[in-house]
Amino acid sequence: MSYPSLEELNLLHANLCRALSDPKRILILYALHDRPRHVTALADKLDIPQPTVSRHLQRLQQHALVRSERDGPFVVYSITSPRIMELLDLMREVRYDALTQQSSVLDRGTRLTKAL
């Protein structure tokens, strides 16, 4: 397997990692995965102020993770690819596995301490 170049990794970090660096943006992506929504619907669903949702949507759109489409007086947002959700779910699984491993290491350490 070939390693990505440092240039490619810098681009990945500059775009995808920074776009996902705020938990509110991740929540927005999950809500948009359910169905396309306009800003007010997102703000209501997530209980986040509308200006905050707008700012996060702008950032997600800059990084091509969401797109907007005018529907009469509303702008409706949707995710650009279902693969984004696969990525987020995979990241959650990796984190769960790490926590499980840490927990079992701690459990073994506690059993060893009690045995001594």
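The values are calculated or read from the model by the stated rules, or taken from the named source; none is laboratory data. As the structure is a prediction and not an experimental result, all values here were calculated from the model. Every residue, glycine as well, gets a Cβ built from its backbone with ideal geometry; the counts of neighbours run over all protein chains shown. For the accessible areas, the whole protein counts, side chains as well, though only heavy atoms, and no ligand, DNA or RNA atoms are used. Shrake-Rupley method; radii C 1.70, N 1.55, O 1.52, S 1.80 Å.
Assorted remarks:
- Enumeration of residues in segment 65-85 that are open to solvent by less than 60 Å² (accessible area, probe 1.4 Å) and either in contact (Cβ under 8 Å) with a residue 40 or more places away in the chain or part of a helix (DSSP H, G or I) (or both): L65, V76, Y77, S78, I79, I84, M85
- Out of L60, L88, sole residue that is at pLDDT 95 or above and either open to solvent by 50 Å² or more (accessible area, probe 1.4 Å) or within 22 Å of A14 (Cβ to Cβ) (or both): L60
- Positions within segment 1-52 being farther than 20 Å from R70 by Cα and touching a Pro at 6+ places or on another chain (Cβ under 9 Å), in sequence order: L12
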